[in-house]
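Chemist: Below is a structure I'd like to ask you about.
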Amino acid sequence: MNWPNRITLFRVLMIPVFLWVYLARPFGAEASLWVALTIFAVASISDAVDGYLARRYGLVTNFGKLMDPLADKLLVCAAIVVFVGSGTIPGWAGVIFISREFFVSGIRQLALEQGEVLAASNGGKLKTVFQMILIHFILVPVPAMLYNVLPIVQDIRDVAVWILLILSLVASVLSGIDYGYKNRWLLHFKNTGGKGGGSQ
């Protein structure tokens, strides 16, 4: 296994650690958020690192094409789920985010059955950028003292979260539609082999 793929697996292993720190708050409320933010940031940066190494040294593999975007989805979806659970973002937004990921994963699965490995699209990468910014922003802890001195800080933060949330949702929906349209040939593929034959 080459280094880009190892880094991708490292990103996957960081997910349960991130969830534990965010949910259990083992270092106290504020400190745990900083630790969770650091873990998520390192995992996010690792995405850029493994992509750079794979392209720079010609280490692009089918495993990497499949696992790299999957690791991103798992990381983002894990954060989305805990944010919905804590009431930070509305449940309907979480449903849209995760439904889009299932839709794209389904298309990738159809492609795999035809011997094709689909890499992440540019729209999907832009969607990931917006989501990462949103998640990092939510994770940044604001001292309670600041809220007490300047109550308006809470309102400003809420507005900023909503703006980032809307941008992320728009990017998610549009990139999902674009991905489905560009790979629509998969929906019309006729499989005449296997047991039973016929078209599917």
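The values are calculated or read from the model by the stated rules, or taken from the named source; none is laboratory data. A quick note: this is a predicted structure, and the numbers were derived from the prediction, not measured. Cβ atoms come from the backbone with ideal geometry, glycine included; neighbour counts cover every protein chain shown. Keep in mind that these areas ignore ligands, DNA and RNA; they rest on the heavy atoms of the full protein, side chains included. Shrake-Rupley method; radii C 1.70, N 1.55, O 1.52, S 1.80 Å.
Chemist: To the nearest 20 debye, what charge dipole does the stretch 1-70 have about its Cα centre, counting +1 at the Cβ of each Lys and Arg and -1 at the Cβ of each Asp and Glu? Mind dumping the intermediate values first?
Modeler: On the way: 6 positive and 4 negative charges, 38 e Å.
Dipole about the Cα centre, nearest 20: 180 debye.
Chemist: What does the net charge come to around Phe40 if you take all other residues with beta carbon closer than 13 Å to its beta carbon, with K and R at +1 and D and E at -1?
Modeler: -1
Chemist: Could I ask something else about it? For Tyr52, project a label point 7 Å along Cα to C-beta. Then give me every residue of the stretch 68-111 with its amide nitrogen under 17 Å of that point.
Modeler: Within reach of a label on Tyr52, which here means backbone N under 17 Å from a point 7 Å along Cα→Cβ, the stretch 68-111 contributes nothing.
Chemist: Considering only Arg157, Arg25, Arg56, give the residue with the highest GNM mean-square fluctuation for the chain, with springs between Cα atoms whenever their separation is below 10 Å.
Modeler: Among Arg157, Arg25, Arg56, the largest mean-square fluctuation in the Gaussian network model of the chain belongs to Arg56.
Chemist: In sequence order, what are the phi-derived ³J(HN,Hα) couplings for the stretch 101-115 according to the Karplus relation 6.51 cos²θ - 1.76 cosθ + 1.60 with θ = phi - 60°, rounded to whole Hz, with x for glycine and proline?
Modeler: 5, 5, 4, 5, 5, x, 5, 5, 5, 4, 5, 4, 5, 9, x
Chemist: Further question: Using the Karplus equation 6.51 cos²θ - 1.76 cosθ + 1.60 (θ = phi - 60°), what ³J(HN,Hα) coupling, rounded to whole Hz, does each residue of the stretch 80-89 give in order, writing x for Gly and Pro?
Modeler: Once rounded to whole Hz, the list reads 4, 4, 6, 5, 5, x, 8, x, 6, 10.
Chemist: Same structure, new question: Apply the a/c threshold of 1.5 to the C-alpha gyration tensor of the stretch 25-102 and tell me whether it is rounded, prolate or oblate.
Modeler: Since a/c reaches 1.5 but b/c is at least a/b, the shape of the stretch 25-102 is classed as oblate.
Chemist: How high is the relative contact order of the stretch 29-183, in percent, counting Cα pairs under 8 Å that sit 6 or more residues apart?
Modeler: Numbers: 94 pairs, mean separation 52.0, N = 155.
It comes to 34 percent, rounded to a whole number.
Chemist: Separate question: Quick one: order Lys65, Lys73 from most to least accessible surface, probe 1.4 Å.
Modeler: Working: Lys65 75, Lys73 20 Å².
In descending accessible area the options line up as Lys65, Lys73.
Chemist: Taking every pair of distinct Cα atoms and averaging 1/r, then inverting, what Kirkwood hydrodynamic radius in Å comes out for the stretch 57-127?
Modeler: 13.4 Å
Chemist: With a 1.4 Å probe and every protein chain left in place, work out the accessible area per residue of the stretch 82-169 in Å², rounded to a whole number.
Modeler: Ligands and nucleic acids excluded, the figure is 53 Å² per residue.
Chemist: Could you please state, rounded to a whole Å, how far the C-alpha centre of the stretch 1-80 is from the C-alpha centre of the stretch 105-130?
Modeler: 18 Å
Chemist: Next question. Report the one residue of Val173, Gly51, Leu126 whose Cα lies farthest in the direction of the positive end of the charge dipole of the chain (charges on C-beta: Lys and Arg +1, Asp and Glu -1; origin at the Cα centre).
Modeler: Farthest towards the positive end: Gly51.
Chemist: Report, as a whole number in µm² per second, the diffusion coefficient that Stokes-Einstein gives for the chain at 20 °C and 1.002 mPa s using the Kirkwood radius over alpha carbon pairs.
Modeler: 115 µm²/s
Chemist: With springs only between Cα atoms under 10 Å, which of Val142, Val161, Val170 fluctuates most in a Gaussian network model of the chain?
Modeler: Top of the fluctuation ranking is Val142.
Chemist: Under 14 Å Cα-Cα from Lys65, which aspartates and glutamates qualify once same-chain neighbours fewer than 8 residues away are excluded?
Modeler: Correct list for Lys65: Asp47, Asp50, Glu116.
Chemist: Taking only Cα atoms and a 10 Å spring cutoff, compute GNM fluctuations for the chain and point out the largest among Gly58, Gly91, Gly124.
Modeler: Looking only at Gly58, Gly91, Gly124, the largest GNM fluctuation is found for Gly58.
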